[in-house]
Amino acid sequence: MAAETAPAPASPTPVSTAPGPPAPAPLAGWGPPVPLTGWGRTAPTAARTLRPRSAEEAARAVRGCGARGAIARGLGRAYGDAAQNAGGAVLDMTGLDRVHAVDAEQGLVVCDAGVSLHRLMRLLLPLGWFVPVTPGTRYVTVGGAIGADIHGKNHHGAGSFCRHVRTFDLLTADGEIRTLTPDDDLFRATAGGMGLTGIVLRATVKLLPVETSLMSVDTERARDLDDLMARMTASDHRYRYSVAWIDLLARSAATGRSVLTRGDHAPLAALGPRAARTPLAFRPGSLPAVPRHVPPGLLGRGSVGLFNEFWYRAAPRRRTGELQKLSAFFHPLDGLPHWNRIYGPRGFVQYQFVVGHGAEDALRRIIERISRRGCPSFLAVLKRFGAGDPGWLSFPMPGWTLALDIPAGLPGLGAFLDGLDEEVAAAGGRVYLAKDSRLRPELLAAMYPRLADFRALRAAADPRGVFVSDLARRLSL
Ligand SMILES: Cc1cc2nc3c(=O)[nH]c(=O)nc-3n(C[C@H](O)[C@H](O)[C@H](O)COP(=O)(O)OP(=O)(O)OC[C@H]3O[C@@H](n4cnc5c(N)ncnc54)[C@H](O)[C@@H]3O)c2cc1C
């Protein structure tokens, strides 16, 4: 796989292959089973993979995928098991990597689904255009961005990724390629549908005009959760991008203390003479990669507590108009290749949920539970979502979303997170499927009200269940 593709096999843990007889017959053109995980490196399963280079090859691959079905995989940045298919087939879509057209007048790009947002940034920034939505890593594909209907720090104003997709081509279970627009049910089922309606081959995306590749950033500290929510409620609308880092180990009066970072693309006039010479340069830096073998337990309560204390205190109480590189503002972790290895061989769980406006008490209770439990999480962020998105399984809803990383080896983690799921569901919220590897299926329908429509559409469009993943089996999607 290319350098920016999926992470190395997750761990030395023996890989569980397909449960149940009979063993699938070898498939023409497919390699031997390889272990795959999501970015959290938990739950490895083995699948045969194939990297189609054209729509025809993808269609052939799906026809010959065998009884355990197929799922598309992009750059493997979903944290859980969404892009895995135990004992079945996985199509590595990064081979479909052509940018077909850029309309620099209208700000439109037509590209294959395997093109990464990193590549689009390199191509489009010099032309004065930026992707409409970027997650916390630019190493995701356009197909993965549609499959999870990803959101960014601008969700409160811009919605999620598929709001900016004008059209895409979908390879469906009957072998047809359908061109879909936001008016089609199949478009809305695919937006956030985790690859289960078919394979996105190509998309047309509307871009955002920018004058520079720098960000103008305001930073402030919030002393606790109430202070943070009050600041975000009062003034998020003045910023295109907003996100807060939360110290989840802080307790008592300091519970929820945070660093709030908000900003927008810097206008040309904000640049000094030197930077103004190449205002649209895109040069993200990179540190050496984290080694393959990191001992377990590096990130414990003590080390993360020290980090969090330092991070909070090092942040300015209030600073405005700081110019930052785009990569530093949006994708700081991309500068440390394979940073997910820091959690050691057992990997980590990323837990992300949203609760609506009016459910602030539930958010507060959950944060208190996490801080009382002493979850050693240093990557914890709170965002304020805007209006929900049309995708039937799209994650965002108006309200508050918290995402945190937790080492998978933490004793009692499963039962602890089950308890949080129940609190989230009772508050009318939901967990994010692109991050999930452990949710119990019985909570899903309460969390995703359009789940029945999604299942009905899948049953009609894919009666043989060609498109399937570990996530789909686990949650009966
Ligand atoms: C550091 C980091 C930060 C992140 N921050 C955010 C964030 O801020 N917001 C957010 O929303 N997400 C975030 N994510 C999650 C990530 O954006 C999504 O999981 C995204 O889907 C990953 O894209 P990918 O190309 O790696 O797809 P994969 O992880 O390989 O696959 C993800 C899903 O998309 C489907 N898929 C992939 N390609 C296709 C295709 N061609 N056709 C149909 N389905 C397809 C897969 O079947 C799977 O269900 C983050 C992940 C990381 C590692």
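Quick rundown of the values:
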{"read-out": "Charge dipole of the stretch 214-438 about the Cα centre (unit charges at C-beta), most positive-ward option of H338, G399, G300", "value": "H338"}
{"read-out": "If the convex hull is drawn through the Cα atoms of the stretch 327-437, its volume per residue in Å³", "value": "120"}
{"read-out": "Rg [Å, one decimal], Dmax [Å, integer] - the chain, C-alpha atoms", "value": "21.5, 68"}
{"read-out": "Using a Förster distance of 22 Å, the FRET efficiency for E368-R318 (Cβ separation, nearest 0.05)", "value": "0.25"}
{"read-out": "Alpha carbon convex hull of the stretch 302-358, projected area averaged over orientations, nm²", "value": "7.0"}
{"read-out": "FRET E, pair H357, F307, Förster distance 30 Å, beta-carbon r, rounded to 0.05", "value": "0.45"}
{"read-out": "Projected label distance in nm at A328 and K206, using a 7 Å step from Cα toward the beta-carbon", "value": "3.3"}
{"read-out": "Per residue convex hull volume, Cα atoms of the stretch 98-210, in Å³", "value": "96"}
{"read-out": "Only Lys, Arg (+1) and Asp, Glu (-1) charged, at Cβ; the stretch 214-438 dipole about Cα centre in debye", "value": "760"}
{"read-out": "Ascending count of other beta-carbon atoms within 10 Å, so fewest first, for R41, R430", "value": "R41, R430"}
{"read-out": "Sites excluded, GluC sites (Glu not before Pro) in DSSP loops with at most 14 other C-beta within 10 Å, longest stretch of the chain", "value": "177-477"}
{"read-out": "Calculated FRET value between L298 and F416, using beta carbons and R₀ = 25 Å, to 0.05", "value": "0.75"}
{"read-out": "Residues of the stretch 162-194 with amide N under 20 Å of a point placed 7 Å along Cα→Cβ from A101", "value": "164-171, 177-183"}
{"read-out": "Positive-end residue, the chain charge dipole about Cα centroid, Cβ charges, pick of T94, A189, G374", "value": "G374"}
{"read-out": "Assigned charges on the beta-carbon of Lys, Arg, Asp, Glu; the chain dipole about Cα centre (debye)", "value": "1060"}
{"read-out": "Karplus-derived HN-Hα couplings along the stretch 102-108 (A = 6.51, B = -1.76, C = 1.60, θ = phi - 60°), whole Hz, x at Gly and Pro", "value": "10, 9, 6, 7, 8, x, 10"}
{"read-out": "The chain, helix-only ellipticity at 222 nm - DSSP H runs n ≥ 4, -39,500 (n - 2.57), divided by all residues, nearest 500", "value": "-6500 deg cm²/dmol"}
{"read-out": "Student exercise, the stretch 98-210 dipole from Lys, Arg, Asp, Glu Cβ charges, in Debye to nearest 20", "value": "500"}
{"read-out": "Taking N as its residue count, the alpha carbon Rg of the stretch 214-438 over 2.2 N^0.38 Å", "value": "1.06"}
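Values quoted throughout were computed directly from the atomic coordinates according to the rules given, and no laboratory measurement underlies them. Here the structure is a predicted model, which is why all the values come from computation and not from measurement. Glycine gets a Cβ as well: all are built from the backbone with ideal geometry, and neighbour counts include every protein chain shown.
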